[in-house]
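Peer 1: This is the structure I want to talk about, given as structure tokens.
The values are calculated or read from the model by the stated rules, or taken from the named source; none is laboratory data. Since the structure is predicted, the reported quantities are computational estimates derived from the model, not experimental observations. Glycine also receives a Cβ, built like all others from the backbone with ideal geometry; neighbour counts cover every protein chain displayed.
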Amino acid sequence: MSVIEERDHDLSGVRRVRSTANIYNAALLCVVIGSLVALPMVAGPYSTRVGGTILMFVALAQSWNLIGGYLGLMSLAHSAFFGLGAVGATIFLINGVPFLFAGLGGVILAVAVALLVGAPTLRLQGHYFVIATLLISEALLNGIRNLNVFGFHGAISHNITSQIGLTNLDAAQYNQIFFYAMATLAGFTMLIVWLLQRSKWGLALKAIRDADTAAAAIGISVARIKLTIFVISAAIAAMVGVASAAWLGIVDATAAFDVTITFQVIVMVFLGGRGTLLGPVIGVVLVFSLNEIIGIEFAEISTIVAGVIVVAIVLLLPDGLVEIFRKGPRVLSLSTIRKNLYRYKVK
């Protein structure tokens, strides 16, 4: 067999593998969509609420994955944009603006702030960027707490249930509406990540993540791409914040801007596998499963047990649990585990 024939044979094999993978992915997508549509119809209000919460964190995790996974920037300002969406929508709602337009106003507010703080902050490197984003989050929280304008008082919680116009629904119907809302946001965010992976932007992001100086040297507009992804990530977080505020019916600035939300999302992304499409989904499901199991069986030491499990997974599988789906059981072999431990210089 000639070299050309061998090459054509290899290419045809690759095409068959990709075709089979596409069929499996399409089948999996159909199963997931069907399950999401059917769940609220067969499950009770509690299960629907838990499912909606999982989908909410899938959207948040994927949106942080854009900036933290694909760009490699450890942003701690995610909860700030989540809170800006919730607070911005609340200000519009209590002043008589219809919910959809109020939500749009909250998202625009978050985008404006992301543009304002992102332009200078994204020029920082390493831990300076991390500290800057944390300070931005805390500064915004303190500013909102002291905000007293347009009927909004940041120091108190605001009940917005009556402004949403869904007061005549029972618990099951109410949870179903927001289950589908969170499913839509999660699907929308995953679609953005999927399209990004298949575009030239995805290659540019990987180049910036690996070596932004080298990326700039070959003509990639590093500052513009960083700011664009930062703003998209902030906008999605704000959308989730708006939907979450409407779902809870209560907006509290301290809870909405709680940096714990950011840390939870970061743990989920790293556990599942950052810079991947399925990694954050796996991480979210794992964290919620651990909370359900450990919270019941080991309620008194649940935080310690969960922390030990998280550390063990990060040490043994530094690229996330998604590697099990990519490479199979061999990622759990002793030789691979030994290499991973050496990678972290754990002896």
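Peer 1: How do the pairs read when you match residues in the range 160-180 that are over 15 Å from Ser47 (Cβ atoms) with residues anywhere that are aromatic (Phe, Trp, Tyr) and crowded, with 20+ Cβ neighbours inside 10 Å, using Cβ under 9 Å and keeping only pairs 6 or more apart or on different chains?
Peer 2: Note: pairs meeting the criteria are Leu166/Tyr174; Ile177/Trp247.
Peer 1: Return the only residue of Leu134, Leu104 being over 18 Å from Met239 (Cα atoms), crowded, with 16+ Cβ neighbours inside 10 Å and not hydroxyl-bearing (Ser, Thr, Tyr). Let's see the steps before the verdict.
Peer 2: Numbers: Leu104 fails: over 18 Å from Met239 (Cα atoms).
Result of the check over Leu134, Leu104: Leu134.
Peer 1: Got a sec? Which of Ile54, Ile67, Ile108, Ile144 is in a helix (DSSP H, G or I), of a type in the set (A, V, I, L, M) and more than 25 Å from Ala183 (Cα to Cα)? Before you say what the answer is, go through the steps one by one.
Peer 2: Details: Ile54 fails: more than 25 Å from Ala183 (Cα to Cα); Ile67 fails: more than 25 Å from Ala183 (Cα to Cα); Ile108 fails: more than 25 Å from Ala183 (Cα to Cα).
Residue meeting the stated conditions: Ile144.
Peer 1: Right, another one. Could you pull out the residue among Ile131, Ile144, Ile94 that is at pLDDT 85 or above, under 23 Å from the mean Cα position of the chain (by Cα) and β-branched (Val, Ile, Thr)? Even if it seems obvious, please write down each step before you answer.
Peer 2: On the way: Ile144 fails: under 23 Å from the mean Cα position of the chain (by Cα); Ile94 fails: under 23 Å from the mean Cα position of the chain (by Cα).
Answer to the check: Ile131.
Peer 1: With respect to the numbered conditions (1) within 17 Å of Ala102 (Cβ to Cβ); (2) surrounded by fewer than 16 Cβ atoms within 10 Å (Cβ to Cβ); (3) under 26 Å from the mean Cα position of the chain (by Cα), which one is the sole condition not fulfilled by Val149?
Peer 2: The number of the failed condition is (3).
Peer 1: State which residue is surrounded by the fewest Cβ atoms within 10 Å (Cβ to Cβ) when the search covers only the range 53-90 and only residues that are over 29 Å from Ile208 (Cα atoms) and within 14 Å of the chain's Cα centre (by Cα). Quick ask: steps written out before the conclusion?
Peer 2: The initial filter retains those residues of the range 53-90 that are over 29 Å from Ile208 (Cα atoms), namely 53-55, 86-90.
Then drop every residue that is not within 14 Å of the chain's Cα centre (by Cα), which leaves 53-55.
Details: Thr53: 17, Ile54: 19, Leu55: 25.
Among residues in the range 53-90 that are over 29 Å from Ile208 (Cα atoms) and within 14 Å of the chain's Cα centre (by Cα), the one surrounded by the fewest Cβ atoms within 10 Å (Cβ to Cβ) is Thr53.
Peer 1: Now for a different question. Can you pull out the residues in the range 245-262 that are surrounded by 24 or more Cβ atoms within 10 Å (Cβ to Cβ), farther than 15 Å from Leu140 by Cα and either in contact with a Gly (Cβ under 8 Å, 6 or more places away or on another chain) or not β-branched (Val, Ile, Thr) (or both)?
Peer 2: Within the range 245-262, Ala245, Ala246 meet the criteria.
Peer 1: Regarding Leu36, is this residue outside any helix (DSSP H, G or I), modelled with pLDDT under 90, under 20 Å from Met190 (Cα atoms) and touching a helix residue (DSSP H, G or I) at 6+ places or on another chain (Cβ under 6 Å)? Give the steps one after another, and end with the answer.
Peer 2: Working: outside any helix (DSSP H, G or I): no; modelled with pLDDT under 90: yes; under 20 Å from Met190 (Cα atoms): yes; touching a helix residue (DSSP H, G or I) at 6+ places or on another chain (Cβ under 6 Å): yes.
Spelling it out, it is not the case that Leu36 is outside any helix (DSSP H, G or I), modelled with pLDDT under 90, under 20 Å from Met190 (Cα atoms) and touching a helix residue (DSSP H, G or I) at 6+ places or on another chain (Cβ under 6 Å).
Peer 1: If the Cβ limit is 7 Å and pairs must be 6+ apart or interchain, which residue in the range 295-322 that is surrounded by 11 or more Cβ atoms within 10 Å (Cβ to Cβ) pairs with which residue that is at pLDDT below 75 and part of a loop (DSSP other than H, G, I, E, B)?
Peer 2: Val305/Phe298; Leu315/Tyr344; Leu315/Val346; Pro318/Tyr344
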